[in-house]
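Visitor: Next up is a structure, given as structure tokens.
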Amino acid sequence: QVQLVESGGGLVQPGGSLRLSCAASGLDLSIATMGWWRQAPGRQREWVARITGVGDTFYEYSVKGRFIISRDNIKKTVYLQMDSLKSEDTAVYYCRRSFTSDWGQGTQVTVSS
């Protein structure tokens, strides 16, 4: 019954911003640890950010200071605000319920001029 649906991806120029959304259903978001992951062509899927059920956040070093993960328990949505985007951020971004095999379908983020 768990379903995670990402949205908000698109094409942006270097230095631009984008906000990704992950609509969650079939789980209690208020007690779940949620994460954002990304995968570029030919690369391993890598962890980007995590937010715990109590609101603690953690980031991969390369995105720290540029990305912010947050959630809205009422809307049952997890967000990833991405600022100062770089070409290296280009990837398919996935929402995941941490420690499970529950993944969203992914949303494409392309940073290019």
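Visitor: What whole-number value in Å² describes the accessible area per residue of the chain for a 1.4 Å probe?
Guide: Working: 6040 Å² over 113 residues.
Result: 53 Å² per residue.
Visitor: Tell me, what is the percent relative contact order of the chain, built from C-alpha pairs under 8 Å that lie six or more residues apart? Please list the in-between numbers first.
Guide: Details: 275 pairs, mean separation 42.1, N = 113.
Relative CO of the chain lands at 37 percent.
Visitor: Could you name the aspartates and glutamates whose alpha carbon sits less than 16 Å from that of Lys75, not counting residues in the same chain fewer than 8 places away?
Guide: List returned: Glu6, Asp28.
Visitor: Carbon and sulfur atoms: what percent of the 1.4 Å accessible area of the range 1-78 do they account for? Kindly include the intermediate steps, with their values, before the conclusion.
Guide: On the way: 2200 of 4380 Å².
The C+S portion of the solvent-accessible surface of the range 1-78 is 50 percent.
Visitor: Gln13 to Gln105: FRET efficiency via 1/(1 + (r/R0)^6), r the Cβ-Cβ distance, R0 22 Å, to the nearest 0.05?
Guide: Details: r = 25 Å, r/R0 = 1.15.
That gives a FRET efficiency of 0.30.
Visitor: Further, regarding this structure: Spin-label point model (7 Å from Cα, Cβ direction): what's the Glu60 to Lys75 distance in nm?
Guide: Each label point is offset 7 Å from its Cα along the Cβ direction, giving 2.4 nm.
Visitor: Across every pair of different alpha-carbon atoms, what Kirkwood hydrodynamic radius in Å does the chain reach? Working shown, then result.
Guide: On the way: mean 1/r = 0.0723 Å⁻¹.
Radius from the Kirkwood sum: 13.8 Å.
Visitor: Out of the trypsin sites (Lys or Arg not before Pro) in the range 43-113, which ones are loop residues according to DSSP with at most 14 other C-beta atoms within 10 Å? Mind dumping the intermediate values first?
Guide: Working: sites: Arg43, Arg45, Arg50, Lys64, Arg66, Arg71, Lys75, Lys76, Lys86, Arg96, Arg97; in loops: Arg43, Arg45, Arg66, Lys75, Lys76, Lys86.
Those that pass, being in a loop and sparsely packed, are Arg43, Lys75, Lys86.
The values are calculated or read from the model by the stated rules, or taken from the named source; none is laboratory data. Everything numeric in this text was worked out from a predicted model, so none of it was measured. Counting neighbours? That spans all protein chains shown, and the Cβs are built from the backbone with ideal geometry, glycine included. For the accessible areas, the whole protein counts, side chains as well, though only heavy atoms, and no ligand, DNA or RNA atoms are used. Shrake-Rupley method; radii C 1.70, N 1.55, O 1.52, S 1.80 Å.
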